[in-house]
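So the structure is just underneath, and the comments pick up after that.
The values are calculated or read from the model by the stated rules, or taken from the named source; none is laboratory data. All figures in this text were calculated on a predicted structure; none of them were measured in a lab. Backbone-built Cβ (ideal geometry, glycine too); neighbour counts: all protein chains shown. The area values use the complete protein model at the heavy-atom level, side chains included, leaving out ligands, DNA and RNA. Shrake-Rupley method; radii C 1.70, N 1.55, O 1.52, S 1.80 Å.
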Amino acid sequence: MMSVFTKIITGEIPAFKVAENEDFIAFLDINPNAPGHTLCVPKKEVDYIFDLDGMTYFDLMDFSREVAIALKEEVPCLRVGMSVIGLEVPHVHVHLIPLRDMEDMRFSNKVSMSKEDMQDLADRVKARFDS
Ligand code: AMP
């Protein structure tokens, strides 16, 4: 069965996209810890990050770095934190979380954002990434 992230990649379900290239996509987490919480995902569907081949792993880190730079430029924060969990969605993804304090890394802490605010934020980060 296709993962929910493959469905986003194929356009079957919508997402607030912030970056994309041939091999990777980044979109806002639908249930963010903090404004700008983003997921960076390889288009090739693999469950566990350490099962990725070495090249895809390093390319994912490079892509995530570029997305983090765009996020930091657009979202007021101290720095962008990075985490890999994967207990909910079995398709590799790197969480990038703009941090205002340590609590923003706690996945029990959530912020509520309107669809309009999510779309506006995604568009602004994408413009930074594309520039
Ligand atoms: P985990 O697999 O434990 O790293 O968590 C999966 C993350 O994916 C959670 O933070 C969810 O909020 C997020 N998520 C699940 N479905 C979607 C979706 N359709 N669009 C964006 N984010 C999602």
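Counting only GluC sites (Glu not before Pro) that are in a DSSP loop and have at most 14 other C-beta atoms within 10 Å, tell me the longest site-free stretch of the chain.
89-131
So what's the back-of-envelope 222 nm ellipticity for the chain, counting only DSSP H runs of four-plus at -39500 (n - 2.57) apiece and dividing by all residues, rounded to 500?
Mean residue ellipticity at 222 nm (helix-derived): -10500 deg cm²/dmol.
Among the listed pairs LYS17/LYS115; LYS17/LYS43; LYS44/LYS110, which have their C-alpha atoms separated by more than 19 angstrom in this model?
LYS44/LYS110
Quick check: Cα centre of the range 18-38 to Cα centre of the range 54-131, how many Å?
Centre-to-centre (Cα) distance: 6 Å.
May I ask you to order 35-44, 92-101 by the average number of other C-beta atoms within 10 Å around their residues, highest value first?
So the peptides 35-44, 92-101, ranked by packing, come out 35-44, 92-101.
Per residue and in Å³, how big is the convex hull formed by the alpha-carbon atoms of the chain?
Here the figure is 105 Å³ per residue.
Per residue, how many Å² of accessible area does the range 33-131 show with a 1.4 Å probe?
Accessible area per residue, the range 33-131: 58 Å².
Compute the long axis of helix 54-74 from its Cα atoms, compare it with the longest principal axis of the Cα atoms of the chain, and write down the angle in degrees, 0 to 90, nearest 10.
20
How large a share of the accessible area of the chain, in percent, is made up of carbon and sulfur atoms when the probe is 1.4 Å and the other protein chains stay in place?
Carbon plus sulfur share of accessible area: 54 percent.
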